[in-house]
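Written out below as structure tokens is the structure these notes cover.
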Amino acid sequence: MMRNVNNVNNVNYVNYVSSVSSVSNVSNVSNVSSVIRTLARTVVGLVLVAATGLWCGCAGDYRLGRVSPPPVSPWRPVAGLGTICVVRPQSFGALATGLHFDNGHLVGVTRGAGVYFCYRAQPGWHLVSARTDNDANLWVDLPTGGRAFVRYELRIGPDALVAMTEARARALLPTLDFVRAVPVSPGVRAPLRRPAPAVRRTRAPST
């Protein structure tokens, strides 16, 4: 009888050790997966930082200051002009510095998450661009007194500039910070302070 009890205890001990080992294996797998995800995010961040230095070398060329109230408001039109706003709400790629152009003229710089800037522009067609290793472009047809809102999206692949609706902009802009760039390195051009000139055409330019 004692031998049977010992056998039962041995079986229970083996089952216990096996169950603990299984739980430990699951925990180890979970920990490994977590580490892999963290490393992947770190690698992506480092790649974006490196890419930023390669495509513009501008991280230290501009000082960005948050300005309140915004010096250029899309809700306060200026006679004979329109307003374009570039919006960067996302946190992905926040360390990357974005150079923004309108028909080849530097109009603003962004860095970090939850920021935007606006500028006045002449009525007509505007090629809004964000300089990266894969430039993002968007044509905007700006009417007199009109407003255009462009969302800047950093991606693992090519970046993108996407048109935003005015309704979405009205809800989003109050939650963001207006930023203005000031050059701090010799020979670096300042963003355009006069209204951005337009390309006058009767139909949309080909992209």
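Cβ-Cβ distances below 7 Å connect the following pairs, each with a first residue in segment 120-135 that is of a type in the set (D, E), a second residue that is at pLDDT below 95 and surrounded by fewer than 23 Cβ atoms within 10 Å (Cβ to Cβ), and a separation of six or more residues or different chains: D133/A51; D133/L54; D133/W55. Please enumerate the residues belonging to segment 92-110 that are out of contact with any helix residue (DSSP H, G or I) (no Cβ under 8 Å at 6 or more places or on another chain) and under 16 Å from F178 (Cα atoms). The answer is A94, G98, L99, H100, V107, G108, V109, T110. Just to be sure, is Y116 touching a strand residue (DSSP E or B) at 6+ places or on another chain (Cβ under 7 Å), hydroxyl-bearing (S, T, Y), surrounded by 17 or more Cβ atoms within 10 Å (Cβ to Cβ) and under 13 Å from P74 (Cα atoms)? Yes, satisfied. Residues in segment 136-148 that are part of a strand (DSSP E or B) and touching a residue at least 40 places away in the same chain (Cβ under 8 Å): N137, W139, V140, D141, L142, R147, A148. Does at least one position in segment 161-177 carry a residue that is surrounded by 20 or more Cβ atoms within 10 Å (Cβ to Cβ) and part of a loop (DSSP other than H, G, I, E, B)? No - not one qualifying residue is present in segment 161-177.
For beta carbons closer than 8 Å, sequence separation of 6+ or different chains, a first residue in segment 149-166 that is over 21 Å from L95 (Cβ atoms) and a second that is surrounded by fewer than 19 Cβ atoms within 10 Å (Cβ to Cβ) and among the hydroxyl-bearing types (S, T, Y), the qualifying pairs are F149/T165.
Among strands (runs of 3 or more DSSP E) lying entirely in segment 60-130, which contain 1 or more residues that are basic (K, R)? Before the answer, list the steps.
Numbers: elements: 62-66, 82-88, 97-102, 105-111, 115-121.
The strands (runs of 3 or more DSSP E) meeting that bar are 62-66, 82-88, 105-111, 115-121.
Quick check on segment 138-145. Is at least one of its residues under 22 Å from A94 (Cα atoms) and of a type outside the set (D, E)? Within segment 138-145, one or more residues are under 22 Å from A94 (Cα atoms) and of a type outside the set (D, E).
The values are calculated or read from the model by the stated rules, or taken from the named source; none is laboratory data. Since the structure is predicted, the reported quantities are computational estimates derived from the model, not experimental observations. With ideal geometry, Cβ positions are generated from the backbone for all residues, glycine too; neighbour counts draw on all protein chains shown.
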